[in-house]
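The values are calculated or read from the model by the stated rules, or taken from the named source; none is laboratory data. Just so it is clear, the model here is predicted, and its values are computed rather than measured. Neighbour counts are summed over all protein chains in view; Cβ atoms, including those assigned to glycine, are modelled from backbone coordinates with ideal geometry.
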Amino acid sequence: MAASTRATSFRWQESLRKTVPASMAQLLDALKRLWAESAALAENAYVAIQQHSFEPYWTFRAKINEHAALVAVIRGRIQQQRDLRLRQADIAGAAVDREEQEILMLTVKACLKFCFALSANPWLPIGARETFIHEIDSLTQARAVLEKAPADKLPPGLLDDLDTARMILEEIIDKSPSLVSFERRKPPPAEEAEAAAEATAPSPA
């Protein structure tokens, strides 16, 4: 009976416990931790790319996406604070903007290193084009954000490095082999009709 009472009491206490949301400071610290992890993964990806291995690159990209998702969550929390007219909302907003700039600066520098590593290889493996073609969109989005940042908050020449990375990347993609499609190409309707007519036409006597 006593054991049953203790079990019931334990379940009641558990039901009273509520999940406590992370504080803004904890969320910003998580962004810094993700930046550090992304920097380490970028180095791993750079070494692997030189050996024609792209899997570490995708791991790096996944971490960047994780950072972006957390930025979106924090901005949603900041908007709620602004709706309540809380003074710390502007402070947190400036902090998350800075963290976003930091991760974008990291991605630009990493992309430039990746491009130099790829361009050093006279023969790129199949799949290189499909792996890195989306980096052009990423660089475009990064430039749109970084252009809005105060110039004194960015490393000198960062936007030039971004443009250089994009130029090299476009050249790499242009010369990279595409994945081979093994699907049989379907002829246009006109060609298909002509082929059918030839097949059914009577042979000359």
Could you check, for region 49-65, whether at least one of its residues is outside any helix (DSSP H, G or I), among the aromatic types (F, W, Y) and at pLDDT below 95? yes
Output yes when any residue across region 139-157 is modelled with pLDDT under 95, closer than 28 Å to Q51 by Cα, hydrophobic (A, V, I, L, M, F, W, C) and surrounded by fewer than 18 Cβ atoms within 10 Å (Cβ to Cβ), and no when none is. no
In region 73-111, anything over 23 Å from R33 (Cα atoms) and among the aliphatic types (A, V, I, L, M) is listed as L84, L86
Taking region 88-97, which residues are in contact (Cβ under 8 Å) with a residue 40 or more places away in the chain and over 18 Å from the mean Cα position of the chain (by Cα)? Q88, A92, A95
Within region 45-80, how many residues are among the polar types (S, T, N, Q) and touching a residue at least 40 places away in the same chain (Cβ under 8 Å)? 1
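Take the residues in region 104-136 that are part of a loop (DSSP other than H, G, I, E, B) and touching a residue at least 24 places away in the same chain (Cβ under 8 Å), then tell me which one is nearest to the chain's Cα centre (by Cα). Let's see the steps before the verdict.
Let us first name the residues in region 104-136 that are part of a loop (DSSP other than H, G, I, E, B), namely 120-127, 133-134.
This time we only want the ones that are touching a residue at least 24 places away in the same chain (Cβ under 8 Å), so: 120-121, 124-127, 133.
Numbers: A120: 24, N121: 24, L124: 22, P125: 22, I126: 21, G127: 18, I133: 12 Å.
Checking each candidate, the answer is I133.
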When region 48-58 is examined, which residues are found to be surrounded by 13 or more Cβ atoms within 10 Å (Cβ to Cβ) and not aromatic (F, W, Y)? A48, I49, Q50, H52, S53, P56
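Hey, can you tell me all the residues within region 66-87 that are among the charged types (D, E, K, R), over 13 Å from the mean Cα position of the chain (by Cα) and in a helix (DSSP H, G or I)?
Looking only at region 66-87, we keep the residues that are among the charged types (D, E, K, R), and these are 66, 75, 77, 82-83, 85, 87.
Still in the running and over 13 Å from the mean Cα position of the chain (by Cα): 75, 77, 82-83, 85, 87.
Scanning region 66-87 gives R75, R77, R82, D83.
Pick from R166, R129: which is crowded, with 16+ Cβ neighbours inside 10 Å and modelled with pLDDT of 90 or more? So that I can check it myself, show each step before the final result.
Values: R129 fails: modelled with pLDDT of 90 or more.
Answer to the check: R166.
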